[in-house]
Amino acid sequence: MKSELLITTNGFKDTWRAIEYGAWLAEAMHMKVTLLGVTEKLSEAQIDDHHPLEDIFASAVELFNQKGVEYSLEIQNGVAEQIVPEKANSGDYMTVVSPLGRPPLRRLLTGRSIRPLMERIKGPILYVPETRLPVKKMLISAGGLGYEVEAENLAFQVASASGAEVAILHVVPPTGPDYPTTREVRHHLSDLASTDTLLGNSLRNALDIAKNAGLSAKVIARLGNVVEEILAEIKEGNYDLVCMGSTYSAHTLRQYYTPNVTAEVAVAAHCPVLTARFKHE
């Protein structure tokens, strides 16, 4: 993993989760860190005798020094949903973000900030709504269309660094075209990786990569609504990190008429979610 970590904060207390998780990842993966602070307009209730970024930056620097992480600091004025993507797209970054503390009415009207960030940021994003460290169990959601490949590669690198167990999940929708391949997949939920299908080949390849990396890995298949089944597996498996691909920039009509599964999971999951865009060759 050659990219640099871009850890972001607007001074909201819960963005410390991104800093803490990013510091752990930087230490484990030997990555450089840029800590980006966004100075936004504060409400009177938030204004103290000094800006909240001062305290959070001081604590972050102390943490980076403790972990021996190489870092740089940057502050920009503006709105985080605009500033963060601009900075993230200016270099080879993995962006680490946490909830920005938006008011409930704003979240109701415009949705959570992770949605526009996922739309605008081209590189990998690590969304940290809760801190789950150390990473012992990791879930990779494999959709079977190839969108997960970039996230899968990142996931195996993180798993190798942390020694995490890996589960590769595929959810089969309850309805869909009644093609021979589709019927075969539905009839082999317990042994999908053994099927001579595109999905089976993809799962076997992922298992081989994990095995060659010395990781413990298994395949899990579930039948039902994709978002609901992924969230159910996250809860039942008590995973520390979920890795998913993103259809953004996939250049297919599919992304316009189907739900953004990755965004839906990221908003609802109570653990960090690592997502990476699909890349065209």
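Bear in mind these aren't lab numbers, they're just calculated from the coordinates by the rules spelled out. These numbers were taken from a predicted model, which means no experiment stands behind them. Methodologically, a virtual Cβ is constructed for each residue, glycine included, from the backbone with ideal geometry; neighbour enumeration extends over all protein chains shown.
When Lys235, Lys41, Lys137 are sorted by how many other C-beta atoms sit within 10 angstrom of their C-beta, beginning with the fewest, the order is Lys41, Lys235, Lys137.
For the pair Leu73 and Leu105, a Förster radius of 35 Å applied to the C-beta separation gives a FRET efficiency near 0.60, rounded to the nearest 0.05.
Counting neighbouring beta carbons within 10 Å and listing from fewest to most, the residues Tyr21, Tyr93 come out as Tyr93, Tyr21.
Computed packing ranks the peptides 70-78, 119-127 as 119-127, 70-78, most packed first, by mean other Cβ atoms within 10 Å. Our estimate of slack between Leu133 and Arg204, defined as 0.36 nm per intervening residue step minus the Cα-Cα distance, is 22.7 nm.
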